[in-house]
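Written out below as structure tokens is the structure these notes cover.
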Amino acid sequence: MRKIFALAAFTAVFAAVFFAACATDPMSGRRTMAFISNDELFPMAFAQHREIINASVVVTGTPEAQMLQDVGNRMVAATEMWLARQGHLNQLDGFEWEFTLLQDNSVNAWAMPGGKIVFYTGILPLTANEAGMAVVMGHEIAHAVLNHGQQRMSAAMLQQVGFASLALLTANRPEMTQSLILTSFGVGSAVLGTLPFSRRHEQEADHLGLILMAIAGYNPNEAALFWERMEALAGGGGTPQFLSTHPSSASRVSDIRANVPEALQTAASFGVHF
């Protein structure tokens, strides 16, 4: 009976922490986790970004570096237009946009909260052209605008609260039993919580990124071509989608093709036609 009460208490506390940490996302209207405000998060993100830049080889003065700046600025202008129409231009409060190309063979690009976006030279063969670069840029800008960094950090913090609570509840159990319980919680919370949470973020970033690149004047059909090149590089293998933080390239291409008409229609409403 005490086990049942302990589990019920843990569930109640965990749920209370979860709902207390939730806020309404102005972009989607749904409840999202917000343990930390952007006023607190942005300075930390900017400092970490600066540390990474200082420890890396920054590429400047090349056609690719200039293209990155041009695409970034053009995409930001489109983002501001789209947000203004939505009545959410304040979503960019505190943003300090910066687009950096690093000499690194990794096939990657990433965004930090507040508008710090980094491309590695290793992804350039896959972007292939300016429109391909806009595909990746739109995706990363969307992550930043949709506050995905804040939500992912909040999810990680919530998971740690769960671990700490379970560790306290199982403190008197044999070490092996405690280890099994905590491991089960970690796997369960990842598969049922943080991994689908991250996959949803990737899908949201793909969707909004497609719209933003179209408004900026880049043909959204280029997005499917980019992900097909990415899939070819991976050789069609990789981690199963269910256990991945990213959708599979194949499902990504399918979703993107389905969303192209919406992107074209939205761009047309801004006077951009293809």
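The values are calculated or read from the model by the stated rules, or taken from the named source; none is laboratory data. All values reported here derive from a predicted model rather than from experimental measurement. Cβ sites come from the backbone with ideal geometry, for glycine too, and all protein chains shown count toward neighbours. Note: accessible area is taken over every heavy atom of the protein model, side chains too, but ligands, DNA and RNA are not part of it. Shrake-Rupley method; radii C 1.70, N 1.55, O 1.52, S 1.80 Å.
Here is how the numbers come out for the structure above:
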quantity	calculated
Meets criteria (of a type in the set (Gly, Ala, Ser), open to solvent by 30 Å² or more (accessible area, probe 1.4 Å), farther than 18 Å from residue 141 by Cα and modelled with pLDDT under 95) for residue 254	yes
Residue in region 182-201 that is surrounded by fewer than 17 Cβ atoms within 10 Å (Cβ to Cβ) and modelled with pLDDT of 50 or more present	yes
Test: residue in region 77-99 that is in contact with a Phe, Trp or Tyr (Cβ under 6 Å, 6 or more places away or on another chain) and farther than 21 Å from residue 39 by Cα	no
Residue within region 205-214 that is open to solvent by 30 Å² or more (accessible area, probe 1.4 Å) and modelled with pLDDT of 50 or more present	yes
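Residue by residue, here is whether (1) among the small types (Gly, Ala, Ser); (2) in contact with a Lys or Arg (Cβ under 9 Å, 6 or more places away or on another chain); (3) open to solvent by less than 50 Å² (accessible area, probe 1.4 Å); (4) modelled with pLDDT of 90 or more holds:
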residue: 2; (1), (2), (3), (4): no, no, no, no
residue: 11; (1), (2), (3), (4): no, no, no, no
residue: 19; (1), (2), (3), (4): no, yes, no, no
residue: 26; (1), (2), (3), (4): no, no, no, no
residue: 36; (1), (2), (3), (4): no, no, yes, no
residue: 46; (1), (2), (3), (4): no, yes, yes, yes
residue: 61; (1), (2), (3), (4): yes, no, no, yes
residue: 66; (1), (2), (3), (4): no, no, no, yes
